[in-house]
Ligand SMILES: NC(=O)c1ccc[n+]([C@@H]2O[C@H](COP(=O)([O-])OP(=O)(O)OC[C@H]3O[C@@H](n4cnc5c(N)ncnc54)[C@H](OP(=O)(O)O)[C@@H]3O)[C@@H](O)[C@H]2O)c1
């Protein structure tokens, strides 16, 4: 193996023009890492938020930085402490966001962050899963403890997180009210939503009432207007900003903020659901690694339908 690879890095914070496709060293393994030959990497909103510098005070990054924290590929080397994986395993992961990411030909990932990829998905589709599906899982299963028969309002149901959240909620036997614009009614209904709200024409609070769980993927005014749809004891889970606890207490409801954590264990459970046909990734577009800049521009536009994926190698 050579010592260098192609990757997309930033050397400074700012616009998409600061993404550089360039030759960089292949990452070195920690003792509990696996080295993955990347076949595909997904693009998520957090990528352009980090590129713009919005998370500078929150995450400990050193520049230059390889972006992208969603990967599918093949294990080509294992650290001496790794027991769960061997060379040749086909894996997927949402790696540690404070290390170099997956817009690259190789990435070093802690073994505990990876899992065998779903057998029914090719690497391009598998790469679209980890970050968004883990966010849906940690919001609906861990934070909200969503139960069969409950009603959940999922905002941005056609987006990366929302499209998995709708399917996960249905797999758990919940009733789903979903928001998106009219162009996405077919997709969101096919994913299992019981009720659709076109947020551009109808205020969701006129439709959603007595809801057990709200998944807030939008923040701001959407979060503020979401309190009133909850039944007493219900929970608003935001992945955007911590909901003010005083508001929750005053309304007799609960709130939680989720910032996704890597988990190979949960990815194994998610792979099982996918292989059982209960969840699938939706792809907005697949672009080559060298077009990461264009992929981030689309992501930043805020209207991706499902996931954007960079195809790195077969
Ligand atoms: N805290 C965490 O750990 C965590 C993890 C993952 C994501 N996030 C954050 O969660 C947000 C969503 O992530 P994502 O990957 O799902 O984003 P995404 O895929 O880019 O979301 C795009 C979707 O948002 C929909 N949308 C835009 N404005 C809307 C509105 N006012 N109401 C309803 N839908 C609307 C669009 O639907 P239309 O085209 O139909 O308008 C589009 O389908 C991002 O801000 C991301 O950074 C946080």
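Each distinct pair of alpha carbons in the chain adds a 1/r term; the inverse of their mean, the Kirkwood radius, is 19.7 Å.
Label positions at residue 249 and residue 201, each projected 7 Å from the Cα along the C-beta direction, are separated by 4.2 nm. Mean sequence separation of contacting Cα pairs (under 8 Å, at least six apart), scaled by the length of segment 132-257, corresponds to a relative contact order of 22 percent.
Once the piece of chain linking residue 119 and residue 287 is laid out straight, how much longer is it, given 0.36 nm per residue of separation minus the C-alpha distance between them?
On the way: separation 168, 0.36 × 168 = 60.48 nm, distance 2.27 nm.
Length gained between residue 119 and residue 287: 58.2 nm.
Between residue 182 and residue 2, the contour length at 0.36 nm per residue exceeds the Cα-Cα span by 59.8 nm.
Taking label points 7 Å from Cα along the Cα-to-Cβ direction, residue 30 and residue 86 give a separation of 2.6 nm. Placing pseudo-labels 7 Å out from each Cα toward the beta carbon at residue 63 and residue 228 gives an inter-label distance of 4.4 nm.
What fraction of the DSSP beta bridges in the chain is antiparallel, stated in percent and rounded to the nearest 5? So the antiparallel bridges amount to about 55 percent of the total.
Distance between Cα centroids, segment 39-97 to segment 263-314: provide it in whole Å. For segment 39-97 versus segment 263-314, the Cα centre distance is 13 Å. Relative contact order for segment 91-161: 31 percent, from Cα pairs under 8 Å spaced at least 6 residues apart, divided by residue count.
Multiplying the residue separation of residue 303 and residue 142 by 0.36 nm and subtracting their alpha-carbon distance yields 55.2 nm.
Rounded to whole Å, the principal axis extents of the Cα atoms in segment 132-257 read 38, 30, 24, largest first. Remark: relative contact order (segment 1-108) = 35 percent; criterion is Cα-Cα distance under 8 angstrom and separation of 6 or more residues. The distance from the alpha carbon centre of segment 108-135 to that of segment 182-203 is 27 Å, rounded to a whole number. Our helix-only sum for the chain, with -39,500 (n - 2.57) per DSSP H run of n ≥ 4 divided by its residues, gives a mean residue ellipticity at 222 nm of -6500 deg cm²/dmol.
Each reported figure results from applying straightforward, stated rules to the coordinates on display, with no laboratory input. Values in this document were obtained by computation on a predicted structure and should not be read as measured data. Cβ coordinates were reconstructed from backbone atoms using ideal geometry, including for glycine residues, and neighbour counts include every protein chain displayed.
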